[in-house]
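Each remark here refers to the structure printed beneath this line.
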Amino acid sequence: MAALPQPLPDVLERARAEERQRALRALLMHPLMDTRHSAFPLVRRHQGPLREWLAAETGWHLQVESEFARLYKRPADLRDGTRGAALGTASQTTTFSRRRYALLCLTLADLERGDQQITLARLGAGLIQAAADPALEAVGLRFRLDHQEERRDLVATVRLLLEYGVLTRVAGDEEAFVRDQQGNDALYDINRRLLAALLVSVRGPSLVEMEGPVADFEERLQALTDAFVPDTQEGRNRALRHAITARLLDDPVVYWDELGDDARHYLTSQRAAITRRIAEATELVPEIRAEGIAMVDPGLNLTDQSLPSEGTEGHVTLLIAAHLAAAPEGTAFTLEILAEQVRRWRPQYKGYWRRSALAEGSERALARQAVEQLRRLRLLAVADDGRIRPLPALSRFAVEAARMPQGNPLAEVPNAT
């Protein structure tokens, strides 16, 4: 007997729900989205339900205009420096340094005061003038455009703004400017609405008290994002729900021992409801373990970091993950120890690695790249003294010795090869 067709309203509602899921997933990956993104029409179409869900579950505000959508997504841990701005492809990414972040902030301030168009040379001149501030020079920031590396820093900040849509190239070539600034320039249009939407904070930086010792920096940083919480049980519970849901959406893993007592107790009692709402809105699947919770993406496209991944770096990262997971608890690791392990693997895997990875001395760079990726995935932690500590979720990468169906190790089977 043929199955009866589903009622049209049910089919339409399911289609709308799938569109909302796609739109929300796209916003989580691209909190600043302009018309170039394929999901932008979906975000505009479903902006009402998306705005309501995000406000109720995370406390994040969604701004949607004719030219762009901005999800004001704030990190749960302001000390987490593993997910900064970056340029490049997934296989070769350059993360912004503290210096480039400082130059980016000075560039944004200059753009805010500028006209509708600006040139690359004019941006460089503005940075030279801004960096001449004695307070900036006192902390070691120097910018003169005398060297190619300085010009490359300027071009990196401009290319990030091009990627965001804040700038649009009208004419010129940045790479020619890097090689030789004399006679080479570029012209850009400035999207002032997008420029104004870049800052994600509850209050403006100028409203945060800047006096006091450097030790108070983290407190001043926290003041930028601290939202008002009513002194009622309902208000505190709402703030806990927002913080926990935001972390589950934003962090690869949320460990129980990272949460405060109030957050841990709230998540324990509301775990099923919170994870169900996230799953319905995003199609993420909750994985709940003794050490914490991870919202897993079966589609493997709601992250900019994947493990395993392709290429030599991906293979080395997976090998190091398995090596750390199999080590006895309490084993001390450093970058040098892992680099030496990569060197020992080289003869075994030389047929699978690219030629440059076979050169003597390349093992340290490969180990550093692997450690940084595992750190971004919250699978290990790196202490101030450089010691590397595996985190509980890394245990999923432990590999057991191959066994025959009877349960005997393969090495014990006669004539096994």
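The values are calculated or read from the model by the stated rules, or taken from the named source; none is laboratory data. Because the structure is a prediction, the values reported are computed rather than measured. Methodologically, a virtual Cβ is constructed for each residue, glycine included, from the backbone with ideal geometry; neighbour enumeration extends over all protein chains shown. Surface accessibility is based on the protein's heavy atoms, side chains included, excluding ligands, DNA and RNA. Shrake-Rupley method; radii C 1.70, N 1.55, O 1.52, S 1.80 Å.
Return an integer: the convex hull volume of the alpha-carbon atoms of the chain, in Å³ per residue.
Output value, Cα hull per residue: 243 Å³.
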Exercise. Measuring with a 1.4 Å probe in the full set of protein chains, what accessible area per residue, in whole Å², belongs to the range 22-64?
Worked result: 45 Å²
For this session: Show that you can apply the helix-only estimate: for the chain, add -39,500 (n - 2.57) for every DSSP H stretch of four or more residues, divide by all residues, and state [θ] at 222 nm to the nearest 500.
Result: -15000 deg cm²/dmol
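Which order do T334, T157 take by accessible area at a 1.4 Å probe, largest first? Kindly include the intermediate steps, with their values, before the conclusion.
Details: T334 35, T157 0 Å².
Accessible-area ranking of T334, T157, largest first: T334, T157.
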Problem set entry | Cα pair distances exceeding 18 angstrom across the range 60-158, given as percent | 60 percent
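Ranked from the most accessible area to the least, with a 1.4 Å probe and all protein chains present, what is the order of D384, D250? Could you put the intermediate results ahead of the total?
On the way: D384 170, D250 40 Å².
Descending order: D384, D250.
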Problem set entry | trypsin sites (Lys or Arg not before Pro) restricted to DSSP loop in the range 283-359 with at most 15 other C-beta within 10 Å | R289, K350, R354
Problem set entry | Solvent accessible area, Å² - I288, 1.4 Å probe, full protein context | 80 Å²
Exercise. To the nearest 0.05, how large is the calculated FRET efficiency for V11 and A279 if R₀ is 25 Å and r is the Cβ-Cβ distance?
Worked result: 0.70
Problem set entry | Contour minus Cα-Cα distance for V229 and A322 (0.36 nm per residue) | 29.2 nm
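Please sort by residue number the GluC sites (Glu not before Pro) in the range 317-349 whose DSSP state is loop and whose Cβ has at most 15 other Cβ atoms within 10 Å. Don't skip to the end; give the middle numbers.
On the way: sites: E329, E336, E340; in loops: E329.
Passing sites in the range 317-349 are E329.
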Exercise. Tell me, what HN-Hα J-couplings in whole Hz come from the Karplus equation 6.51 cos²θ - 1.76 cosθ + 1.60 at θ = phi - 60° for each residue of the range 23-30, using x for Gly and Pro?
Worked result: 5, 5, 4, 5, 5, 5, 7, 10
Exercise. Assuming R0 = 25 Å, what is the FRET efficiency of E336 and Q305, from their Cβ-Cβ distance, to the nearest 0.05?
Worked result: 0.55
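I'd like to compare 23-35, 95-107: which one has the highest average count of other Cβ atoms within 10 Å, and what's the full order after that? Working shown, then result.
Working: 23-35: 19.4, 95-107: 17.4.
Packing order, densest peptide first, comes out as 23-35, 95-107.
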Problem set entry | Difference of contour (0.36 nm per residue) and Cα-Cα distance, E372 to R98 | 97.0 nm
Problem set entry | Nitroxide proxy distance, nm - points 7 Å out along Cα→Cβ at D146 and D257 | 5.0 nm
Exercise. What number, in percent, do you get for the relative contact order of the range 209-290 if the mean sequence gap of Cα pairs under 8 Å and at least 6 apart is divided by its residue count?
Worked result: 20 percent
Exercise. Spin-label point model (7 Å from Cα, Cβ direction): what's the V208 to D297 distance in nm?
Worked result: 2.8 nm
Problem set entry | trypsin sites (Lys or Arg not before Pro) within the range 129-183: DSSP coil, no more than 15 neighbouring Cβ in 10 Å | R142, R144
Problem set entry | Relative contact order of the range 51-112, pairs being alpha-carbon contacts under 8 Å that are 6 or more residues apart, as % | 15 percent
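Given contacts defined as C-alpha pairs under 8 Å and at least six residues apart, what's the relative contact order of the chain, whole-number percent?
12 percent
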Exercise. For D77 and L108, FRET efficiency with R0 = 25 Å and r from the beta-carbon atoms, rounded to 0.05?
Worked result: 0.60
Exercise. Per residue, how much accessible area does the range 125-223 show when a 1.4 Å probe rolls over the protein heavy atoms, in square angstrom?
Worked result: 57 Å²
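If I compute solvent accessible area with a 1.4 Å probe over the protein chains, what percent of it on the range 35-191 is carbon and sulfur? Let's see the in-between values first.
On the way: 3990 of 8230 Å².
Ligands and nucleic acids excluded, carbon and sulfur give 49 percent.
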